[in-house]
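Please read the structure below before turning to the comments.
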Amino acid sequence: RNFHIGRMDWWQVLNDTFEWQPDFSAQDWVAHSFQGIHGEELIEVAVQFDEYQARWIREQHWPESYDIEELDGGRLILRFSTGGLDGVMRWVMQYGRHAKVLSPLELQAQVAEEHRQAWMQYEK
């Protein structure tokens with residue numbers, strides 16, 4: 001579980017202990033998370049970025065497990081596996097029309113619905 005210090009009201013030292021798992025790999029744990037979100041099963045994500053946004057995506061330091069596929073016209077597709085989609089939708093939304101979710105379809109539908117609802121705010 002991840003904790004944000006800004007949301008903590010109080011803390012307390014406990015006597016709880018944990019047992020080290022010798023097969024745990026921090027590198028694998030980071031490679032299959034997205035913004036600290038983990039889940040039981042890995043989900044394959046593919047997001048296409050237009051030539052405008054692709055420049056900044058290329059400059060990011062992505063985990064080794066992430067893949068960038070270069071497309072014509074300066075566009076690219078970023079592919080990665082994650083254990084959860086919770087943070088991915090918010091991340092994609094920040095790029096607006098410059099990002100298009102290719103997979104999974106569930107994420108594509110969520111982003112499309114979020115864009116639709118945002119558009120409706122301006123139609124009233």
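Nothing in this text is a laboratory measurement; each read-out follows from the coordinates by a stated rule. Given the structure is predicted, the values throughout are model-derived calculations rather than measurements. Methodologically, a virtual Cβ is constructed for each residue, glycine included, from the backbone with ideal geometry; neighbour enumeration extends over all protein chains shown.
Among residues other than Asp72 whose Cβ falls under 13 Å from its Cβ, what is the net charge (Lys/Arg +1, Asp/Glu -1)?
Working: positive: Arg75; negative: Asp50, Glu51, Glu69, Glu70.
Its environment carries a net charge of -3.
Charges were assigned to the Cβ only: +1 to each Lys and Arg, -1 to each Asp and Glu. The resulting dipole of region 25-123 about its Cα centre is roughly 340 debye.
Please identify the longest segment of the chain free of exposed GluC sites (Glu not before Pro), where exposed means a DSSP state other than H, G, I, E or B and no more than 10 other Cβ atoms within 10 Å. Walk me through the intermediate numbers first.
Values: sites that count: Glu19, Glu40, Glu41, Glu64.
Counting only loop sites that pass the neighbour cut-off, the longest clear stretch is 65-124.
Convex hull volume of the Cα atoms in region 25-123, per residue, in Å³? The partial results should precede the final answer.
Values: hull volume 9.9 nm³, N = 99.
Cα convex hull per residue, to the nearest whole number: 100 Å³.
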